[in-house]
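There's a structure below that I have some questions on.
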Amino acid sequence: MTCPTVSKDDATRAAANLTDAVRARFSWDDARDKLDGLPGGGLNIAYEALDRHVAAGHGDQAAIRWLSKHGNQRDITYAALASDASRFANVLTQHGLKPGARVYSLLGRVPELYAAALGTLKAGMTFTPLFAAFGPEPIKSRMEIGEGNVLVTTAALYRKKVAPWRKKLGSLKLVLIVGDGGLPEDCVALRPEMDAAADTFETARTTEDDVALIHFTSGTTGKPKGAVHVHGAVVAHAATGRFALDLKPGDIYWCTADPGWVTGTSYGIISPLVNRVTMIVDEAEFDLDRWYGILQNEGVQVWYTAPTAIRMLMRAGKDAANSYDFSQLRFLASVGEPLNPEAVIWSRDVFGKPFHDNWWQTETGGIMIANTAGMDIHPGSMGKPLPGIDAGIVSREDGSVRACKPGEIGELALRPGWPSMMRSYLNEQARYDKCFVDGWYLSGDLALQDKDGYFWFVGRADDLIKSSGHLIGPFEVESALIEHEAIAEAAIIGIPDETAGEVVKAYVALNPGFEASEALERDIRGFARHRLGAAVAPREIVFRKQLPKTRSGKIMRRLLKARELGLPEGDVSTLEADEK
Ligand code: ATP
Ligand code: MG
């Protein structure tokens with residue numbers, strides 16, 4: 001917490017002042033007024049994302065530059081995407097679906113995904129994206145919980161992951177198949193229906209409070225919850241895109257998040273389109289040279305990615321980036337997990353710009369705390385609350401909460417009232433109600449606020465370690481460990497100990513060129529003791545090729561702990577990389 005400050009340069013100093021002024025003046029009503037609203041009344045995300053730009057004469061601007069896995073490229077203009085969304089809405093309506101119907105997608109980053117998401121919203125129906133990499137069971141259970149009526153997917157995904165249980169899900173009326181691969185039984189090919197449908201559709205006159213999206217949480221701490229979001233969220237998507245991601249009309253913007261995760265929708269579809277940028281959409285998975293190539297060749301100006309990807313780039317070394325020109329990059333942002341200070345400093349060297357960490361959750365619908373353009377960045381800090389966001393650190397005490405002092409660890413809490421706040425957890429009212437105490441929404445994350453107002457992430461409430469009277473947040477220990485030259489990634493858990501209560505155990509993945517050995521373990525333990533002190537440093541270090549992660553790239557510490565203690569693993573439906 002005593003990290004050096006990366007000072008702002010002159011060019012961004014003005015922006016910092018502007019941000020302070022904007023913060024003071026900001027109101028959600030003003031932010032709402034910046035949107036158009038439907039002609040004749042109502043608010044609909046699809047209209048704000050597409051039609052109003054077309055109406056204002058920007059129909060020819062590319063909304064999406066799609067890069068296929070195989071190296072093809074296709075630009076889709078705002079006008080074309082608006083037409084495709086309308087066609088999709090018409091297809092749904094022609095199949096007898098009514099506003100409020102629930103449409104799921106099980107697709108990679110293909111153009112149809114964007115038409116489906118926006119067409120569904122346009123028709124006043126509810127959209128829920130799933131990870132294409134999910135297995136049959138997680139898909140089935142999420143469609144069951146949400147009583148899905150429509151599924152948009154590919155023939156291959158359908159045959160492997162949906163056909164085995166399709167008949168058991170009575171609510172599922174329509175399966176639309178994207179692309180080739182033959183048409184499975186009881187399914188409808190999307191393309192011919194889209195081609196035959198009209199390219200205009202009268203946007204459903206939804207209000208701010210009408211349900212638009214259901215997003216499942218990442219399942220890092222347990223069974224995923226279905227967070228319900230409304231059309232009014234677009235007010236927050238618009239404003240937070242400007243404030244936290246520095247989006248400006250016409251920017252080339254790249255969000256690497258999978259569409260199955262809330263970031264892939266809030267900031268991979270809605271916020272960028274509402275802010276009229278051109279989105280780079282890459283169909284392929286992470287690949288070092290491909291990613292550096294995209295940043296350079298597409299002239300990406302604003303880049304939004306996650307710590308897990310940044311750590312993969314770091315693992316490859318600075319030399320791997322040397323031959324690329326990143327001079328067009330203006331703003332880099334990261335979300336999903338705490339961003340290690342090391343990563344901020346590294347990005348300054350490699351890209352000439354620091355990564356701006358920001359914090360939010362599926363439940364908050366949009367970014368809440370951020371390092372904004374022009375702000376002094378304190379590496380390791382999540383930044384400060386965005387305009388319109390009232391955040392605090394509190395401690396729960398018998399049904400009420402107490403405000404924590406600067407520097408004191410407590411639960412990160414928000415005053416409800418921002419437009420993208422979830423409106424419920426699907427079928428879990430009691431769980432939802434428990435999130436609210438004393439007029440605060442409690443996030444389940446532990447953090448502290450320093451005297452300058454910066455927020456510092458400490459760990460998930462479930463992951464906090466209590467050792468010999470010390471409270472130890474995993475993030476601090478993990479960040480120190482990855483500063484060791486051999487360590488690429490680290491996960492910390494507490495294991496029961498008779499004298500200390502709990503002691504710290506570390507799981508680490510190594511950088512290329514390093515081999516697990518007793519000597520290395522000793523060296524790392526010495527390094528950690530020196531950096532953190534004997535009470536906080538890991539007692540034991542285990543080497544792993546990879547750490548267990550969710551599909552959204554979050555380390556699943558609870559799984560390491562359950563295995564350590566011989567307890568049931570719990571819900572692992574979102575588990576990606578794994579090695580027991
Ligand atoms: P589940 O709620 O099912 O356990 P999850 O909390 O991982 O899963 P998400 O809503 O996708 O599901 O992730 C939000 C969480 O991710 C936050 O509550 C926080 O713990 C973590 N997170 C997101 N951004 C940051 C950040 N910048 N710094 C630290 N943690 C972050
Ligand atoms: Mg959560």
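The values are calculated or read from the model by the stated rules, or taken from the named source; none is laboratory data. Here the structure is a predicted model, which means the values were calculated and not measured. Here the Cβ is made from the backbone with ideal geometry for all residues, glycine too, and neighbour counts use every protein chain on show.
Identify the residue in the range 455-485 that is within 16 Å of ligand 2 (Cβ to nearest atom) and either of a type in the set (Lys, Arg) or assigned to a strand (DSSP E or B) (or both) and, among all such residues, is nearest to residue 425 (Cα to Cα).
Narrowing the range 455-485 to residues within 16 Å of ligand 2 (Cβ to nearest atom): 457-464, 474-475.
Now restrict to residues that are either of a type in the set (Lys, Arg) or assigned to a strand (DSSP E or B) (or both): 457-460.
Values: 457: 24, 458: 25, 459: 23, 460: 20 Å.
Looking at the filtered set, the residue picked out is 460.
Further question: Within the range 216-229, is there a residue that is at pLDDT 95 or above, of a type outside the set (Val, Ile, Thr) and away from ligand 2 (no atom under 16 Å from the Cβ)?
No: zero hits.
Next question, about the same structure. Just give me the residues in the range 384-404 being assigned to a strand (DSSP E or B) and within 24 Å of the chain's Cα centre (by Cα), in sequence order. Spell out how you get there, then give the answer.
Here is the first cut: in the range 384-404, the ones assigned to a strand (DSSP E or B) are 384-385, 391-397, 400-403.
Correct list: 384, 385, 391, 392, 393.
In addition: For residue 111, work out the one condition from (1) surrounded by fewer than 21 Cβ atoms within 10 Å (Cβ to Cβ); (2) farther than 19 Å from residue 156 by Cα it doesn't fulfil.
Result: residue 111 fails condition (2) only.
Since residue 171 meets every condition but one in (1) under 24 Å from the mean Cα position of the chain (by Cα); (2) part of a loop (DSSP other than H, G, I, E, B); (3) of a type in the set (S, T, N, Q), which condition does it not meet?
(1)
Just need a number here: residues in the range 405-454 that are assigned to a strand (DSSP E or B), surrounded by fewer than 17 Cβ atoms within 10 Å (Cβ to Cβ) and not hydrophobic (A, V, I, L, M, F, W, C).
Filtering the range 405-454 down to residues assigned to a strand (DSSP E or B) leaves 410-414, 424-425, 436-437, 440-449.
From the residues that got through so far, the ones that are surrounded by fewer than 17 Cβ atoms within 10 Å (Cβ to Cβ) too are 436, 444.
Adding the requirement that they be not hydrophobic (A, V, I, L, M, F, W, C) leaves 444.
Result for the range 405-454: 1.
Another question, then. For the range 424-448, how many residues are away from ligand 1 (no atom under 14 Å from the Cβ) and either in contact with a strand residue (DSSP E or B) (Cβ under 8 Å, 6 or more places away or on another chain) or among the small types (Gly, Ala, Ser) (or both)?
Residues of the range 424-448 that are away from ligand 1 (no atom under 14 Å from the Cβ), as a first pass: 424, 427, 429-430, 433, 436-440.
Now drop any that are not either in contact with a strand residue (DSSP E or B) (Cβ under 8 Å, 6 or more places away or on another chain) or among the small types (Gly, Ala, Ser) (or both), which leaves 424, 427, 430, 436-440.
The number of residues fulfilling the criteria is 8.
Across the range 393-423, what is the number of residues that are away from ligand 1 (no atom under 15 Å from the Cβ) and touching a residue at least 40 places away in the same chain (Cβ under 8 Å)? Step through it out loud before you land on a result.
First pass over the range 393-423, keeping only residues away from ligand 1 (no atom under 15 Å from the Cβ): 394-408, 415-419, 423.
Cutting the leftovers down to touching a residue at least 40 places away in the same chain (Cβ under 8 Å) gives us 394, 396, 401, 404, 406-408, 417-419, 423.
Count: 11.
Kindly establish whether residue 268 is surrounded by 24 or more Cβ atoms within 10 Å (Cβ to Cβ), within 13 Å of the chain's Cα centre (by Cα) and within 16 Å of ligand 1 (Cβ to nearest atom).
yes
Check whether at least one residue in the range 307-327 is under 17 Å from the mean Cα position of the chain (by Cα) and assigned to a loop (DSSP other than H, G, I, E, B), and report yes or no.
no
Applying the selection to the range 26-78, what residues are farther than 21 Å from residue 278 by Cβ and either crowded, with 16+ Cβ neighbours inside 10 Å or in contact (Cβ under 8 Å) with a residue 12 or more places away in the chain (or both)?
We begin by selecting, within the range 26-78, every residue farther than 21 Å from residue 278 by Cβ; these are 26-33, 37-44, 70.
Selection gives 26, 27, 28, 31, 32, 38, 40, 41, 42, 43, 44.
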